[in-house]
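Heads up: the structure comes next, in C-alpha cells.
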Ligand code: PEP
Ligand code: MN
C-alpha cells in the first residue's frame, strides 16, 4: 500500500465524499458574520457525543419499511420551529402526550402499529422565502430559527450567531433526554391512556378520546384477567426528526459508525429535505444522499414526474426498504390533481417509497387581521384527498406529517372549538407556521383513523 492510500484510509469522511456539498450551491444558508467563530463552533460540535445511535436509526428504517409495505403507519408531528424558550418540561410533556394520544387513536381505530416521530429535539432552523424582513421601513435579516438568530426585530438579535448552533445541540439533547425518560420510564405505558388526557381543557375531541380510552381500559383489564403479559405496553419507541438544513450543524454531527464504517447524521433519527432545498444538483441532495439515515423529501404541487424519478435514483439507488419517504404537501385544492401521477410513476419504476401527507404547508392563508393561518377544514380535506388518491391507485397512504403543539393555542381556524380570526389575537404563539392545537390534533387523528380503517 502506498503512503498516499494510507492517508485516504485514515480519514473515511474523505472516502464518503461528505464534503462534496461544499462545491455545490447550498440554498438557505445563513450569512455568518464571524467565520473564525463559526469554525470553532463546528470543531466543538464535531467533538460532542452523537444525539442518536446508528443502531436506533437502522431500527427506524425497518419500521418505515413496514409502513411503506402497508403494515404500519407513520405519525410525524411537532412544531414548525422549536424554540429554546419553549423547551420546558411542561411543553415537551404536552407535545409527547398529544402524540401518544393521537397514536393510540390511530392504533385502536385502524388496528395498525404506529411509528411515532417528533418534529422535535432539533427542529431549530427554517428556510425563508426572503433573506430579509421589512417592518415600517426598517429592513433586517429574516428570522431563520433559533439555531441561527433571534426573533426580536433588532439588528443585534437578527444577526446570525454561530454559538446558537451549540445551544441548538444542547437544547436538542435535553429535549431528547426528557422524551426518552417519558417513553421508556413508564409515562407512555398504554395502561395510562386516561392520564394523557388530563390537564387539557374540555372539548368534544377530548370527550371522544375519553370514551375510546374507557374501551381500551376494558380490553386491557380483560386481557389481564386472562393472564396476558403486559411488558410490551410499558415503553414505546419514539423517534426524532427535523429538516436537514444547516450544513454547519449537520456536517459536524455526521459520524462514521464503527459497526458498519458508514456515515450517519447523528443529529436525529430521520432527516428531511424541504421543498425549497430539494434541487437535484444542490448541496442538500448531495450531502444527504451520503448518510445512512432514512430520509424524507417534501413535494409541493409543482413537482414533476421527472423530479420524483430522479430523486429516487439519487437518494435510494439501491431501493432499500425504509430509506425514502416522500411527503406530499400539495394543498387541498390541488392534491387530487397533482399527486396521482407522482405516485404512479414511482410505483411503475419499481420503487416502494413511503408516502406521507403533510396537509399543512400547501394550505397557508393570511387572515384579514394579518395572521399566517390555515383552515382546519382544508387540512382535513387534504388528508381525505391523500387517502382517495392512494385508494384509487392501490398504493398505501403510509403516514401523516403535522405541525402541532400540545398547548391550547389558537393558530389554525376552525375545528370543533370553532376558532375564528378574532381568537387568533389572543392565543397565537408560533414564531413561524400555525400549528394544530391539542384538540384539533386529536380531531385529525380520529379522521385519519377512520380513513385508515376504511382503506
Ligand atoms: C416545514 O416543514 O416547516 C417547511 C418549511 O416545509 P416545506 O419544505 O414543505 O415548505
Ligand atoms: Mn412549517
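No value in this document is a laboratory result; all are computed from the given coordinates. Since the model is a prediction, treat every value here as computed from it, not as a measurement. Don't worry about glycine lacking a Cβ; one is built from the backbone with ideal geometry, like all the others, and counts go over all protein chains shown.
The table that follows gives values for the structure above.
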{"item": "Most to least packed among 236-244, 385-393, 126-134 [average Cβ atoms within 10 Å]", "result": "236-244, 385-393, 126-134"}
{"item": "Alpha-carbon Debye profile of segment 196-255, log10 I(q)/I(0) at 0.16, 0.22, 0.23 Å⁻¹", "result": "-0.76, -0.99, -1.03"}
{"item": "Length gained when the stretch residue 429-residue 53 is fully extended (0.36 nm per residue, less Cα-Cα span)", "result": "132.0 nm"}
{"item": "Kirkwood-type radius of segment 365-426, with distances r between different C-alpha atoms, in Å", "result": "13.3"}
{"item": "Cα-based Kirkwood hydrodynamic radius, segment 28-77, one decimal, Å", "result": "14.4"}
{"item": "Shape category assigned to segment 12-453 from the gyration tensor of Cα positions, a/c cut at 1.5", "result": "rounded"}
{"item": "Shape call, segment 14-102: gyration tensor on alpha carbons, a/c limit 1.5", "result": "oblate"}
{"item": "Relative contact order of the chain, defined on C-alpha pairs under 8 angstrom at six or more residues apart (%)", "result": "21"}
{"item": "Overall form of segment 214-315 per C-alpha gyration tensor (a/c, 1.5; a/b vs b/c)", "result": "prolate"}
{"item": "In Å, descending, principal axis extents of the Cα set of segment 67-167", "result": "55, 29, 26"}
{"item": "Beta bridge orientation in the chain: antiparallel %, DSSP, nearest 5", "result": "25"}
{"item": "Packing-based ranking, highest mean first, of 335-344, 110-119 given that Cβ atoms within 10 Å are counted", "result": "110-119, 335-344"}
{"item": "Full-stretch length increase - residue 320, residue 220 - with 0.36 nm per residue and alpha-carbon distance subtracted", "result": "32.3 nm"}
{"item": "Residues 179, 216, 402, 365 arranged by fewest to most Cβ contacts within 10 Å", "result": "365, 216, 179, 402"}
{"item": "Label-point separation, residue 306 to residue 372 (7 Å along Cα→Cβ), nm", "result": "3.1"}
{"item": "Segment 165-238 versus segment 422-448: alpha-carbon centroid distance in Å", "result": "21"}
{"item": "Linear extension gain, residue 31 paired with residue 211, 0.36 nm per residue minus alpha-carbon span", "result": "59.6 nm"}
